[in-house]
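First up is the structure itself, then whatever we jot down about it.
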Amino acid sequence: MFPTCRVSLQARPSVRALRALRVEHRTSQLGSVRLRSSSPAVVPRITTHYTVYPRDKDPRWEGMEMERFADEADVVIVGGGPAGLSAAIRLKQLANEQGTELRVCVVEKASQIGAHTLSGACLEPSALNELIPDWKERGAPLNTPVTEDKFGILTKKFKIPVPILPGLPMNNHGNYIVRLGHFVRWLGEQAEELGVELYPGYAAAEVLFHEDGSVKGIATNDVGIAKDGSPKDVFERGMELHAKVTLFGEGCHGHLAKQLYKHFNLRENCEPQTYAIGLKEVWLIDEKKWKPGRVEHTVGWPLDRNTYGGSFLYHLNEGEPLVALGFVVGLDYQNPYLSPFREFQRWKHHPSVAPTLEGGNRIAYGARALNEGGFQSLPKLTFPGGLLIGCSPGFMNVPKIKGTHTAMKSGMLAAEAIFQKLTNEDLHSETAGIHVPEYEDSLRKSWIWKELYSVRNIRPSFHNYLGLYGGMVYTGIFYWIFRGKEPWTLKHAGLDSAQLKPAKDCTPIEYPKPDGKLSFDLLSSVALSGTNHEHDQPAHLTLKDDSIPVTKNLSIYDGPEQRFCPAGVYEYVPLESGDGMRLQINAQNCVHCKTCDIKDPSQNINWVVPEGSGGPAYNGM
């Protein structure tokens, strides 16, 4: 059974590491692929992953044992974040209240619960109050109530204060500044106390289906595959975990959710999702500059008026003078020369920001994509055998810059709908995987729906000639005065991947060199994320066509992936022949932000899960 295997499987990485000391390093046997054009040029093969090159056609896999162990649960939850853990907690609360046996399993790709979690974060406690009313007594790490709220517009040298009026989305009265990874870890502890089975270090790699097309569960990823795609001596097949209902709470732009959108046509009646990238650092600053409970947000410089984005600077009260700061850039930006990371670095030199950081010490760095489509971009949330919860479908309130409370509430509503269905003695399911449409009905009646509807036009209102300033005027009139009750719904600009202009039509951006005090280079930043992957495995950043990066992305857009990636995963290097360039993918650097999958103008990059436990090792980000 799965609990028994849990011990042996968690030991697996250590066993592999010991064996690896005795195994001679394999030289990658990458082949080459001819460009799919009239050109006779040949480019090195980049992608070796089985999702692109199936193993049943690879003679190196002949005779390999491919049977997977399978286990059963009532409910399987993919993703140990706020939504997934809230769903698990609520399910077990209901089961324990009614004396019902209910097996709930949560699989999480991070090595520890919370290790892949990154957010600002300023937490609105509404959903937490509903889920665990005695959270203070239980020691929830909400240590910093907001005491001061500031907002401003930056020019290159000045900050123009903007009053935060009651009722505006940016008002944080009653909220808490948190280190979300610590909060998620605490949620995991509450879940385990209730009997939820948590399995960190297991990446859900595949959706399983019944013969009738309904979702059957998930399979975890195989391990022990060499970089060239061949099986190692230590190859082990992943596990299957079957359930009556499977919840997908992978976070923004989930790997499995992408498959489900296509399989069930879930995005048929909504707008394309639009995204942003959020970059974050944690600093230890001079205690004299520390203002615990202060929240600061800005828009404007260094971005132009037509590039959506802004900054945050939060003063934590964690026993030492810590601040969390970050920069968000909408991924619908147009200039391929823009680098979100370098915009973040130069923002820190602004006269209103630099004094807080001077003399301080940067101790953490990370990045993550976030949903910005809001109400217009919500897909169909239910399908036979499964549900979408949290930031996977996208419940973030963009003007608030908050999605944790809505993610948690979506998980709770899903749990209540599922429990009612599973305990219905008269239940007759038309499919093997149980369909729970009541979840979406509950959402439409909840405060989530009302909240997202009221702010639905704020983000798309920035698509106007005045850009940022036109959007702020619209927000002031139609949200603050009319509370989002205007009888129209604005549309987004379309897919973020379609927004880049050719490089020839744009002006290169000259970024200042990092000074090593306030601003830093990319690789030293990634080192602070604790990111690590098994080196000898196929790159999980897969390409549908290995020739596209050079023939399209580099030739038309000057290789934007080397700038929009916040971890230095992509770089163009000269061919060994000296005749042309090739794309090099440094997959070990990947912080799992998913930006490349979203922004790639060719939509040629497909992010899939690496071996479980790989990725960043955030400590309270």
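The values are calculated or read from the model by the stated rules, or taken from the named source; none is laboratory data. Everything numeric in this text was worked out from a predicted model, so none of it was measured. Please note: Cβ atoms are built from the backbone with ideal geometry, for glycine as well, and neighbour counts cover all protein chains shown. Accessible surface is based on the protein model in full, side chains and every heavy atom, while ligands, DNA and RNA are left aside. Shrake-Rupley method; radii C 1.70, N 1.55, O 1.52, S 1.80 Å.
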Quiz prompt | Residue list for the range 130-159, filter: under 28 Å from residue 181 (Cα atoms) and exposed (fewer than 12 other Cβ atoms within 10 Å of the Cβ) | solution = 133, 134, 136, 137, 139
Self-check item: Pairs, first on the phi > 0 side of the Ramachandran plot and among the hydrophobic types (A, V, I, L, M, F, W, C) in the range 256-280, second open to solvent by less than 40 Å² (accessible area, probe 1.4 Å) and not in a helix (DSSP H, G or I), C-beta under 7 Å, six or more apart
Solution: none
Quiz item: Within the range 534-556, which residues are modelled with pLDDT of 95 or more and either open to solvent by 30 Å² or more (accessible area, probe 1.4 Å) or within 30 Å of residue 360 (Cβ to Cβ) (or both)?
Solution: 544, 548, 550, 551, 552, 554, 555, 556
Practice problem: Go through 531, 507 for me and flag whichever is polar (S, T, N, Q), open to solvent by 70 Å² or more (accessible area, probe 1.4 Å), closer than 30 Å to residue 325 by Cα and touching a residue at least 40 places away in the same chain (Cβ under 8 Å). | Solution: 507
Quiz item: When you look at residue 448, is it in contact with a Lys or Arg (Cβ under 8 Å, 6 or more places away or on another chain) and farther than 30 Å from residue 329 by Cβ, yes or no?
Solution: no
Self-check item: Condition check for residue 100: in contact (Cβ under 8 Å) with a residue 60 or more places away in the chain, out of contact with any Gly (no Cβ under 8 Å at 6 or more places or on another chain) and β-branched (Val, Ile, Thr)
Solution: yes
Practice problem: Please go through the range 450-462 and pick out each residue that is in contact (Cβ under 8 Å) with a residue 40 or more places away in the chain, farther than 18 Å from residue 406 by Cβ and not aromatic (Phe, Trp, Tyr). | Solution: 460
Exercise. Among the residues of the range 401-421, write down those that are open to solvent by 10 Å² or more (accessible area, probe 1.4 Å) and either without any contact (Cβ under 8 Å) to a residue 24 or more places away in the chain or touching a Pro at 6+ places or on another chain (Cβ under 6 Å) (or both).
Key: 404, 420
Quiz item: Residues 246, 274, 298, 307: which one is open to solvent by less than 40 Å² (accessible area, probe 1.4 Å) and within 30 Å of residue 217 (Cβ to Cβ)?
Solution: 246
Quiz prompt | Residue count, the range 510-528 (criterion: surrounded by fewer than 12 Cβ atoms within 10 Å (Cβ to Cβ) and over 30 Å from residue 112 (Cβ atoms)) | solution = 5
Self-check item: Top-ranked residue in the range 411-442 [being over 17 Å from the mean Cα position of the chain (by Cα), small (Gly, Ala, Ser) and assigned to a helix (DSSP H, G or I); ranked as farthest from residue 125 (Cα to Cα)]
Solution: 417
Quiz item: Is it true that residue 315 is at pLDDT 95 or above, open to solvent by 10 Å² or more (accessible area, probe 1.4 Å) and out of contact with any Cys (no Cβ under 9 Å at 6 or more places or on another chain)?
Solution: no
Exercise. Return yes when residue 200 is surrounded by fewer than 21 Cβ atoms within 10 Å (Cβ to Cβ), under 20 Å from the mean Cα position of the chain (by Cα) and either closer than 24 Å to residue 318 by Cβ or not polar (S, T, N, Q) (or both) and no when it is not.
Key: yes
Quiz item: How many of the residues in the range 166-181 are surrounded by 21 or more Cβ atoms within 10 Å (Cβ to Cβ) and either in a loop (DSSP other than H, G, I, E, B) or of a type outside the set (Phe, Trp, Tyr) (or both)?
Solution: 7
Quiz prompt | Subset of the range 565-608 (residues that are open to solvent by 20 Å² or more (accessible area, probe 1.4 Å) and of a type in the set (Val, Ile, Thr)) | solution = 573, 585
Self-check item: Residues located in the range 184-202, provided they are in a helix (DSSP H, G or I) and aliphatic (A, V, I, L, M)
Solution: 184, 187, 191, 194
Quiz item: From the list 121, 140, 110, 127, which residue is hydrophobic (A, V, I, L, M, F, W, C) and out of contact with any helix residue (DSSP H, G or I) (no Cβ under 9 Å at 6 or more places or on another chain)?
Solution: 110
Practice problem: Quick one: which residue in 291, 348 is in contact with a strand residue (DSSP E or B) (Cβ under 7 Å, 6 or more places away or on another chain) and either of a type in the set (Ser, Thr, Tyr) or more than 22 Å from residue 506 (Cα to Cα) (or both)? | Solution: 291
Quiz item: When the range 446-476 is examined, which residues are found to be over 16 Å from residue 170 (Cβ atoms), surrounded by fewer than 16 Cβ atoms within 10 Å (Cβ to Cβ), out of contact with any helix residue (DSSP H, G or I) (no Cβ under 8 Å at 6 or more places or on another chain) and not aromatic (Phe, Trp, Tyr)?
Solution: 450
Practice problem: Any residue in the range 50-72 that's in a helix (DSSP H, G or I): show its pairings with residues that are among the hydroxyl-bearing types (Ser, Thr, Tyr) and modelled with pLDDT of 95 or more at Cβ separation under 7 Å, as long as the two are six or more apart or on different chains. | Solution: 60/230
Quiz item: So which residues in the range 203-228 are open to solvent by 10 Å² or more (accessible area, probe 1.4 Å) and assigned to a loop (DSSP other than H, G, I, E, B), if there are any at all?
Solution: 210, 211, 212, 213, 221, 222, 227, 228
Quiz item: Within the range 38-53, can you find the residues that are modelled with pLDDT of 90 or more and open to solvent by less than 60 Å² (accessible area, probe 1.4 Å)?
Solution: 46, 47, 48, 49, 52
Quiz item: Any idea which residue in the range 544-558 is nearest to the chain's Cα centre (by Cα), counting only those that are touching a residue at least 40 places away in the same chain (Cβ under 8 Å) and over 13 Å from residue 500 (Cα atoms)?
Solution: 544
Quiz item: What tally of residues in the range 354-400 results from selecting those that are surrounded by fewer than 22 Cβ atoms within 10 Å (Cβ to Cβ) and on the phi > 0 side of the Ramachandran plot?
Solution: 1
Exercise. Select from the range 320-353 the residues that are among the basic types (Lys, Arg) and either open to solvent by 10 Å² or more (accessible area, probe 1.4 Å) or out of contact with any Ser or Thr (no Cβ under 9 Å at 6 or more places or on another chain) (or both) and list them in ascending order.
Key: 342, 346
